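The values are calculated or read from the model by the stated rules, or taken from the named source; none is laboratory data. As the structure is a computational prediction, the values presented were derived from the model and not from experiment. As a convention, Cβ positions derive from the backbone with ideal geometry for all residues, glycine included, and neighbour counts pool all protein chains shown. Accessible surface areas use protein heavy atoms only, side chains included; no ligands, DNA or RNA. Shrake-Rupley method; radii C 1.70, N 1.55, O 1.52, S 1.80 Å.
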Amino acid sequence: MDYAIAFAFAQMISGIDKLPDTSWVKIVRSRAAIATQTVIDVYDNGYQETPTSPVRRLKPLFEVTPTFSYKQALDATEKLVISVIFHESSFRVDVERTIDGSSDCSYMQTKPGWISKVVPGKNCNDLKKDPKLAVFVGAEVLRLHKEYCLNKLPAEQKNTITAKYWLGAYASGTCGFAQVKARELCGPAGVC
């Protein structure tokens, strides 16, 4: 997605596009700019843990069809990831949920158990320091939840579900649950 379009989307969902240019708005705008650029960079260029390790690439979360191009699938995916980042962390990479002891962390409030499954040897502290790692892990966890949920369905139902079905699993751990939360995650991106 073009950065200007993605950044305008990030500002719109956060509401800062209509606010006067205060110091707080400048901070949120700066965080939104970094998060947006990171999402685009990770989807365009992948994630590389070290200069000598292989580049790991993410695929769009939405299927390419004769009427839905790769670019459209990628744009919808990037919007969804930006939407999740805003919803879960207000574009802050360094956050950790401690109120309920879950320790979900960083941009997408990734559960700690998923981090080492996606990138062995990494943890919440690594995500809170590295925006690219945070986006890569969070987006990959979204993909894993989608695959898990689709694999639980009979073949004839796989084309009838929406993103809310598997986003509910990202939010709650159970496919099809947490529909209100799922709608909050996918609604701004228009992918429900």
**OP:** Using Cα centres only, tell me the gap between segment 14-69 and segment 117-192 in whole Å.
**Re:** 16
**OP:** Could you pull out every one of the aspartates and glutamates with an alpha carbon less than 19 Å from that of Lys132, ignoring same-chain neighbours closer than 8 positions?
**Re:** Asp2, Asp41, Asp44, Glu49, Asp75, Glu78, Glu88, Asp94, Glu96, Asp104, Glu140
**OP:** Give me the distance in nm between label points sitting 7 Å out from Cα along the Cα-to-Cβ direction at Val55 and Thr22, one decimal.
**Re:** 4.2
**OP:** Tell me which residues come under 5 Å, amide H to amide H, from Phe68 once H is placed; ignore anything under 5 positions away on its chain.
**Re:** none
Original post:
Quick one: which of Lys18/Lys71; Lys18/Lys111; Lys59/Lys122; Lys71/Lys129; Lys71/Lys128 span more than 24 angstrom between C-alpha atoms?
Top reply: Lys18/Lys71; Lys18/Lys111; Lys71/Lys129; Lys71/Lys128
Original post:
Which value, in Å³ per residue, describes the convex hull spanned by the Cα atoms of the chain?
Top reply: 133
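Once the cut-off is 19 Å, how many percent of the Cα-Cα pairs in segment 1-114 end up in the long-distance tail? Walk me through the numbers before you get to the answer.
Numbers: 3434 of 6441 pairs.
In whole percent, the share of Cα-Cα pairs in segment 1-114 beyond 19 Å is 53.
If one computes P(r) from the Cα atoms of segment 101-192, what percent of pairs lie at distances over 18 Å? Spell out each step's value before the answer.
Working: 1939 of 4186 pairs.
Here the long-distance tail beyond 18 Å is 46 percent of all Cα pairs in segment 101-192.
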Original post:
Quick one: accessible area per residue over the chain, 1.4 Å probe, rounded to a whole number of Å²?
Top reply: 51
Original post:
Carbon and sulfur together cover what percent of the accessible area of segment 1-154 at a 1.4 Å probe radius?
Top reply: 55
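Once whole DSSP H runs in the chain are found, which of them have Cα atoms spread over 18 Å or more along the helix axis and a mean Kyte-Doolittle score of at least 0.0?
On the way: long enough: 23-45 (32 Å, 0.16); 70-89 (28 Å, 0.14); 131-151 (30 Å, 0.35).
Both cut-offs are met by 23-45, 70-89, 131-151.
Give the ranking of Thr160, Thr67 by solvent-accessible surface, highest area first, calculated with a 1.4 Å probe.
Numbers: Thr160 100, Thr67 125 Å².
These residues rank, largest area first, as Thr67, Thr160.
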**OP:** May I ask you to evaluate 6.51 cos²θ - 1.76 cosθ + 1.60, the Karplus curve with θ = phi - 60°, for each residue of segment 53-66 and list the ³J(HN,Hα) values in order in whole Hz, giving x for glycine and proline?
**Re:** 7, x, 7, 9, 10, 9, 9, x, 7, 10, 6, 7, 10, x
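Report the per residue volume, in Å³, of the convex hull enclosing the C-alpha atoms of segment 31-77. Present the calculation step by step, with values, prior to reporting the outcome.
Numbers: hull volume 3.8 nm³, N = 47.
Per residue, the Cα convex hull of segment 31-77 comes to 81 Å³.
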**OP:** Using label points projected 7 Å from each Cα along Cα→Cβ, tell me how many nm separate Leu144 and Asp100, to one decimal.
**Re:** 2.0
Original post:
Given H placed on each backbone N at 1.01 Å, which residues far from Thr110 in sequence or on other chains put an amide H within less than 5 Å of it?
Top reply: Cys105
